[in-house]
1. Looking at segment 194-208, which of its residues are in contact (Cβ under 8 Å) with a residue 40 or more places away in the chain and under 22 Å from S48 (Cβ atoms)?
2. Please tell me if K198 is closer than 26 Å to E176 by Cα, surrounded by 13 or more Cβ atoms within 10 Å (Cβ to Cβ), in contact with a strand residue (DSSP E or B) (Cβ under 8 Å, 6 or more places away or on another chain) and not hydrophobic (A, V, I, L, M, F, W, C).
3. Do you know which of the residues in segment 60-85 that are more than 16 Å from the chain's Cα centre (by Cα) and under 16 Å from P160 (Cα atoms) is modelled with the highest pLDDT?
4. Among the listed residues I139, I159, identify the single one that is aliphatic (A, V, I, L, M), in contact with a Leu (Cβ under 6 Å, 6 or more places away or on another chain) and either closer than 29 Å to C213 by Cβ or modelled with pLDDT under 95 (or both).
5. Restricting attention to segment 164-174, does a residue exist that is in contact (Cβ under 8 Å) with a residue 12 or more places away in the chain and among the polar types (S, T, N, Q)?
6. Any idea how many residues of segment 109-147 are in contact with a strand residue (DSSP E or B) (Cβ under 6 Å, 6 or more places away or on another chain) and hydroxyl-bearing (S, T, Y)?
7. Since S117 meets every condition but one in (1) over 19 Å from R53 (Cα atoms); (2) modelled with pLDDT under 90, which condition does it not meet?
8. Take Q47 and tell me if it is modelled with pLDDT of 50 or more, assigned to a helix (DSSP H, G or I) and of a type in the set (S, T, N, Q).
Amino acid sequence: MTGAAVSLRLTTRILCGILCLAAGLYWPLATANTIKRTDSGLCHPPQSSYYDRINTYKEYDSLQECLAAEGRLPKRLQNLRENPEENNSGYQRSKFGHGWMDLDSDGQDSRAEALISQSASPVRFASPENKRVVHGRWISPFTGVVHTDASNLEADHVIPLKFAWTYGADKWTDEERRRFGNDPRNIWIIEASLNQSKGARGIDEWLPPQGRCGYIARFVRLTKIYPLEIPAPKKVQYENLLRQCAQQVQ
């Protein structure tokens, strides 16, 4: 390639970048906290299941800023609002990795792997690359309802990331937090409404409508696997919940 051709190519890229910025449109890579507003006016935070598939969007630094610009949240995230206390604590979702990650480099992120492993039948993918799961058979551990459409479900952290941050994960390395946020033992596939109602609460503040003892046992086990700094009063509450579950079995 001649010098003139190289110069023309660079000039074209620069002009394209200026035009894209002027139009308010961006293409990946976005920053870890970018809010993506689509042409339809929907504000997609990183929690949105469509986040990684949105390539054309207007960028906002915060959800509050996007909503103030007459944007709106997707229906499944209507209860989501920025929490000032979250910002004061230093917690950010990106501290645990930007969205769901493919830590084992097999081409499937941790959400896809959770959908695959927790489906009662072989899953179907959106494309031959076998990256995005679209169909399977999932029995909600919290309601017993059977789901076949993956878009109706969310990958929920058994121990919420903000909860972990509050109780010691703020002192972990980035790699430790990424491992925690993508640990299959810490991911359950459940209904979006339950995931949203749970928020960042622990088992002393929130329990699912069904499958409570299984959830309690998994939560407590994870607090012992990871170096979380659970206060003594909470530990007592957790042990009491486990004891109640054991009594129900007897």
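The values are calculated or read from the model by the stated rules, or taken from the named source; none is laboratory data. The structure presented is a predicted model; accordingly, all values stated were derived computationally and were not measured. Counting neighbours? That spans all protein chains shown, and the Cβs are built from the backbone with ideal geometry, glycine included.
1. L194, N195, Q196, S197, K198, A200, R201
2. Yes: the conditions hold for K198.
3. N83
4. On the way: I139 fails: in contact with a Leu (Cβ under 6 Å, 6 or more places away or on another chain).
Testing whether each residue is aliphatic (A, V, I, L, M), in contact with a Leu (Cβ under 6 Å, 6 or more places away or on another chain) and either closer than 29 Å to C213 by Cβ or modelled with pLDDT under 95 (or both) leaves just I159.
5. The first filter runs over segment 164-174 and keeps only residues in contact (Cβ under 8 Å) with a residue 12 or more places away in the chain, leaving 164-170, 172, 174.
Among the residues that remain, those that are also among the polar types (S, T, N, Q) are: 166.
Checked segment 164-174: at least one residue is in contact (Cβ under 8 Å) with a residue 12 or more places away in the chain and among the polar types (S, T, N, Q).
6. Qualifying residue count for the region: 3.
7. (2)
8. No: the conditions fail for Q47.
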